[in-house]
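Notes to accompany the following structure.
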């Protein structure tokens, strides 16, 4: 990977999140002390433990963005709108676009020369010849659900921006340490806790969050890099992955997968219940739709252009287990076989 004589001044929006924390760590490993952008109600304890310089940077108040961006060379935007529930399509798309436009307008007023925008592999279309890659894109919002359409619109805004340089990273489902909100790790935790999570069958792609952080850090300093990169270490069928996890944690095997229609109907009902009772859905629409409409994909272009080496799934799960037990997310009694996936 590249090294520069003069390190850029980097601001990370969403620094307290799963990807943000791993990006802060990766930049630190390169000797770059990034400025950690936070919202007023962000959990900053993990950032304070890293002795990060914190700054208020909230799209709801453009003045905070102007202040945070002063003197910054590169912005890592890992704080695009991410709906907890997918029940109001119009409001979600409107809020997502408006917030990103506010951030980009603030960048255009600043000294920032490059934005590294974190998108999603929800924007990757199915290939007709094999594994999908960066050439497989949707010409318009795919219409699979709110999450897919939101990510398409935000990535489209980023790719059309011409007032400054933009690089787009599309990570698949991130696994590993520092998933404090138990987002993409939810099915792993549920399986380890013998909760038998309901699920559809389909392709799911994954990547170690530490590799995502390393890739974003490289995109901050690389003199040249592709406009858009997929970050994905591999693709698996979800049900067989859950079976392997059950063997890993020595818990009950998962029930057979739901049909696509059953999974989507259950996820919609669960999100209505979650909104009504202020609880987490047993199966979110985002996870159901990402699985039902999932495609096999390859992230090899990031390896060849950024010098990235993806960690194996076993390495990722071992690191997650150690961290999750320390954080009491996994029970200490959960046993792990050495022949884990």
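Restricting to the stretch 104-131, give me the number of residues that are more than 24 Å from residue 264 (Cα to Cα) and touching a residue at least 12 places away in the same chain (Cβ under 8 Å).
Within the stretch 104-131, residues that are more than 24 Å from residue 264 (Cα to Cα) and touching a residue at least 12 places away in the same chain (Cβ under 8 Å) number 17.
Listed residues 179, 149; which is assigned to a loop (DSSP other than H, G, I, E, B), modelled with pLDDT of 95 or more and surrounded by 21 or more Cβ atoms within 10 Å (Cβ to Cβ)?
179 is the lone residue from the list that is assigned to a loop (DSSP other than H, G, I, E, B), modelled with pLDDT of 95 or more and surrounded by 21 or more Cβ atoms within 10 Å (Cβ to Cβ).
Sort out for me the strands (runs of 3 or more DSSP E) sitting completely within the stretch 17-103 that have 1 or more residues that are surrounded by 15 or more Cβ atoms within 10 Å (Cβ to Cβ) and without any contact (Cβ under 8 Å) to a residue 40 or more places away in the chain.
Those strands (runs of 3 or more DSSP E) span 35-38, 53-56.
Applying the selection to the stretch 1-40, what residues are farther than 17 Å from residue 79 by Cβ and at pLDDT below 95?
Hits for the stretch 1-40 are 1, 2, 3, 4, 5, 6, 7.
Condition check ((1) within 28 Å of residue 331 (Cα to Cα); (2) not in a helix (DSSP H, G or I)) across all residues:
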residue: 210; (1), (2): yes, no
residue: 220; (1), (2): no, no
residue: 224; (1), (2): no, yes
residue: 251; (1), (2): yes, yes
residue: 265; (1), (2): no, no
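So is residue 279 more than 19 Å from residue 174 (Cβ to Cβ), exposed (fewer than 13 other Cβ atoms within 10 Å of the Cβ) and within 24 Å of the chain's Cα centre (by Cα) or not?
When the stated conditions are applied, residue 279 passes them.
What are the residues in the stretch 219-244 that are out of contact with any strand residue (DSSP E or B) (no Cβ under 9 Å at 6 or more places or on another chain) and buried (at least 21 other Cβ atoms within 10 Å of the Cβ), if any?
242
The values are calculated or read from the model by the stated rules, or taken from the named source; none is laboratory data. Nothing here was measured: the structure is a model prediction, and the numbers come from that model. Cβ coordinates were reconstructed from backbone atoms using ideal geometry, including for glycine residues, and neighbour counts include every protein chain displayed.
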